[in-house]
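Colleague: Below is a structure I'd like to ask you about.
The values are calculated or read from the model by the stated rules, or taken from the named source; none is laboratory data. Keep in mind that what you see is a predicted model, and the values were worked out from it rather than measured. Note that each Cβ is placed from the backbone with ideal geometry, even for glycine, and that neighbours are counted across all protein chains shown. Accessible surface is based on the protein model in full, side chains and every heavy atom, while ligands, DNA and RNA are left aside. Shrake-Rupley method; radii C 1.70, N 1.55, O 1.52, S 1.80 Å.
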Amino acid sequence: MTKKVKKLFIIGILSAIVMAVMPIQKASATGANVYSVTYNLTGAQVSPQDGEIIEGSGLDVVFTADDGYELPNEISVQIAGEDISNYIYENGNLIINEVNGDVVITLNAVPTSDEEESGESDTYSISYDLYEVTASKQDGNVRAGTRYSVKLKASSGFRLDPLNVAVRVNGDYVTSGYSFNEGLLEIDAVNGDVVIEAIAVQRASSNNNNSKKNNNNKNNDSSNNNNNNATTNNSSDNNTKSSSSSNSSKSSQALSNSGKSAQNYSTGSYRAPKTGDDSIDIRYYGALALIFIGAGFVVLGKKSKKY
């Protein structure tokens, strides 16, 4: 075997191996990354306390202070080892819109003062009146002048219209002092007992889908009844036809005389093995490489005959 033939043979084998491995590498590279979430807390707890998060997901957690502590006004948030500031942290609620690295959150609660422990500071209640809406916080009390924020989310099949969100302070509706944007309700300063109201309305698509499902169920019931009747009527006819055709068929008579039984072959269910994604089967790449190798042998054979 000449050196040129050996080179072509080696190149063909390497090409087949590379083409076979490429789909596997592509499939493994499409998986989403999973990052860790670490909490460094002093005098406080967090909920939920998930230790992992999928790349691109948002993080929404609530911190609560232990007895004898209060939550700080500021916390430290790091993503991929760098401090970030594009997050929302107010009254224990932390919201990060998108995570693209390992997260480390540090929160140091502050011991309460004697004045606060004696109950001399003013506090106001926060409560909710919701319909098909969930809130990221529960009813509770906050100190006077506190900035308050909560995330509201409509139930599945419902939508939340800003016109259906309202705030009452000491029993009266207010039109200023708060904002509502993309589900986040923020109150500038709590200076009275607050009731947050939110009513979600059903999406139009959900109503249409329900009516379509009901109509489809009715049509399916009637069609099933008709099919069952047709099947019952045709079963006796099919049995009669099969018995008469088996007696008159020459192939059936020949099989009967030989003492062998008929065998049915079907290739309709065959499927080529997959490589892990929707790309071409690996064997096609190998066959293509072998074709190139064979063509190389033919070309070299012709050249050797000339010389």
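Colleague: Do we have any residue at all in segment 52-66 that's over 30 Å from G296 (Cα atoms), open to solvent by 70 Å² or more (accessible area, probe 1.4 Å) and modelled with pLDDT under 90?
Modeller: Looking for residues that are over 30 Å from G296 (Cα atoms), open to solvent by 70 Å² or more (accessible area, probe 1.4 Å) and modelled with pLDDT under 90, one finds none in segment 52-66, hence no.
Colleague: Going through segment 127-184 one residue at a time, which ones are open to solvent by 80 Å² or more (accessible area, probe 1.4 Å), hydroxyl-bearing (S, T, Y) and not in a strand (DSSP E or B)?
Modeller: Residues satisfying the conditions are S156, T175, S176.
Here's the yes/no breakdown for (1) surrounded by 14 or more Cβ atoms within 10 Å (Cβ to Cβ); (2) touching a Ser or Thr at 6+ places or on another chain (Cβ under 8 Å); (3) within 21 Å of I187 (Cα to Cα):
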residue	(1), (2), (3)
Y89	yes, no, yes
E98	no, yes, no
I105	yes, yes, no
N108	yes, yes, no
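Colleague: Considering only residues that are surrounded by fewer than 16 Cβ atoms within 10 Å (Cβ to Cβ) and part of a strand (DSSP E or B), look in segment 117-126 and name the one that is modelled with the lowest pLDDT.
Modeller: T123
Colleague: Would you call V169 at pLDDT 95 or above and more than 34 Å from the chain's Cα centre (by Cα)?
Modeller: yes
Colleague: Does any residue of segment 173-182 turn out to be touching a Lys or Arg at 6+ places or on another chain (Cβ under 9 Å) and touching a residue at least 60 places away in the same chain (Cβ under 8 Å)?
Modeller: Checked segment 173-182: no residue is touching a Lys or Arg at 6+ places or on another chain (Cβ under 9 Å) and touching a residue at least 60 places away in the same chain (Cβ under 8 Å).
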